[in-house]
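Take a look at the structure set out below.
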Amino acid sequence: MLDKWAEAGFNLLIPAVRGATGETLYHATEHPVSKYAKDWDPLAVINEEAKLRGMQVHPWISVFRGGRSAFANAHPEFVGKNQQGETEDHFLCAAQDEVQEWAFSFFKEIMDNYDVAGIHHDYVRYNDYLCWCDHCKKVFKREAGIKMDEMEKGSAEWTKWMTMRVHHINKFVWRVQKESKKSGKETSAAVFASYPHCIESVAQDWVTWAHEKWVDYLLPMNYWGDKEKFNKLAKRHLESVNKSVPLFEGVANKLPDEVFNIDLFPEQLFELSQHVKTMGFQGICYFVSESLSDEDLKMIKKV
Ligand SMILES: [Zn+2]
C-alpha cells in the first residue's frame, strides 16, 4: 500500500490514530489502546515504513469528537449538547478545561514518544452551534448577564457567545503549536471549506490560525462536486490565507451522497487535480486513501 502511494508522488500521510472512541492506534499512551493495535503499534510501523519511502507522517486526531470514549462515558457532563439538550455527532464540550486537557494529552504523548514529522488536527471545532451544556449555560449567564435561551441571533450577547466559542478552539490550536515547536514537529489541520461562515457555525477561525502561525499547514476540506461552488471556495481560501501558511486543498473523488455529490472517474480526478495545481495551491490532500483506485493513483502521479 505504502509503495503505491510513494510511487504516486505522495509526500505526507495522515493516518487516523484516535477517533471518537478515544482508543488509540499506537502504544505509547495512557489511554485505552484499540483492539486493532493489540499485537503491533500501527503508528510506529507506518511512520518507519513511510520514512523509508520518503514520506512524512502526521497522525490524525479527532480532537473534540470523542463522545464514544471511556472518558465521555465516565463524565457525561463533558459531552456537548445542543439547544434541545441532545448530544450531536459525539462532540465533547470544548469549553471545559478537562476536555481540553484530555484532547491535548493525545498530542502530547505522540509528540513525546514518536519520531513523526508532525501531527494533525481534525474536528478541532464545535459541532454546528454547540454548546448548550450546563457548564456553557452557566458561564454564559455570568458573562453575558442573560440566559442562553434568551439570546437573540445577531445581538450583542450572540456576538459574545461567538467570541467565547472561537476563543476555546483557538486556545487549543495555539497550545498544540507551542508544544509542537518544543519537539521540532509541525502541525496541520483539516478545516471547513465554508470560510468565513465556519467561524459562526463551528467556531473555526482558521484564517487567523494561518496568519498567527498557529499551524504549519492547512487542509481546507473542499469536498464539493459542484464546480462553481468548489472554485468559489478555493479562490477564497487562497485570498484569505494569502500565503501565510502553505495550503493543501482537500479534494475528494468518491462522496456520492446527496450532500457532496462527488463520484469522479480517474480522468476527472486528474482534471480536478491539475486545476487545483494551477490555481496556486502548495499541495493537494486526497480524501480518502481507500477511495483511490490504482487508476486514480496513476492519474495523481501525472499531476
Ligand atoms: Zn458546553
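Values quoted throughout were computed directly from the atomic coordinates according to the rules given, and no laboratory measurement underlies them. Treat the numbers as computed from the prediction; the structure is a model and nothing was measured. With ideal geometry, Cβ positions are generated from the backbone for all residues, glycine too; neighbour counts draw on all protein chains shown.
Which net charge results for the neighbourhood of Leu25, defined as the other residues with beta-carbon distances under 10 angstrom from its beta-carbon, given Lys and Arg at +1 and Asp and Glu at -1?
-1
Could you rank the peptides 136-142, 202-208 by their average count of other C-beta atoms within 10 Å per residue, with the highest value first?
In descending order of packing, they fall as 202-208, 136-142.
How would Arg125, Arg236 line up from fewest to most surrounding beta-carbon atoms within 10 angstrom?
If I rank by nearby Cβ atoms, fewest first, I get Arg236, Arg125.
How high is the FRET efficiency between Glu48 and Glu290 when r is their beta carbon distance and R₀ equals 25 Å, given to the nearest 0.05?
FRET efficiency, Glu48 to Glu290: 0.70.
Fewest first, what order do Tyr36, Tyr123, Tyr286, Tyr129 take by the number of other Cβ atoms within 10 Å?
Final ranking by Cβ density, sparse to dense: Tyr36, Tyr129, Tyr286, Tyr123.
Pop a pseudo-label 7 angstrom from the Cα along the beta-carbon direction at both Trp158 and Glu101 and give the gap in nm to one decimal.
About 3.6 nm separates the two model spin labels.
Give, in nm to one decimal, the length gained when the segment between Asn113 and Lys298 is fully stretched (0.36 nm per residue of separation minus the Cα-Cα distance).
63.1 nm
So how far apart, in nm, are the two label points at Asn231 and Phe265 if each is 7 Å from Cα heading toward Cβ?
Each label point lies 7 Å from its Cα, and together they span 2.1 nm.
Just want to confirm a number: the relative contact order over the chain, from Cα pairs under 8 angstrom separated by 6+ residues, in percent.
13 percent.
Working from Cα positions, state the angle (0 to 90°, nearest 10) between the long axis of helix 227-241 and the longest principal axis of the chain.
70 degrees
Could you tally the net charge around Lys4, taking each other residue with its Cβ under 11 Å from the Cβ of Lys4, Lys/Arg +1 and Asp/Glu -1?
-1
What are the radius of gyration and Dmax of the chain, computed over its Cα atoms and given in Å?
In order Rg, Dmax, the Cα atoms of the chain give 19.6, 59 Å.
Under a point-charge model restricted to the Cβ atoms of Lys and Arg (+1) and Asp and Glu (-1), what is the dipole moment magnitude of region 2-188 relative to its Cα centre, in debye to the nearest 20?
Dipole magnitude for region 2-188 comes out near 460 debye.
Please report the net charge: other residues with Cβ closer than 14 Å to the Cβ of His75, K and R +1, D and E -1.
Summing Lys and Arg as +1 and Asp and Glu as -1 gives -3.
Under 21 Å from the Cα of Lys229, which lysines turn up, not counting those fewer than eight places away in the same chain?
Lys254, Lys277
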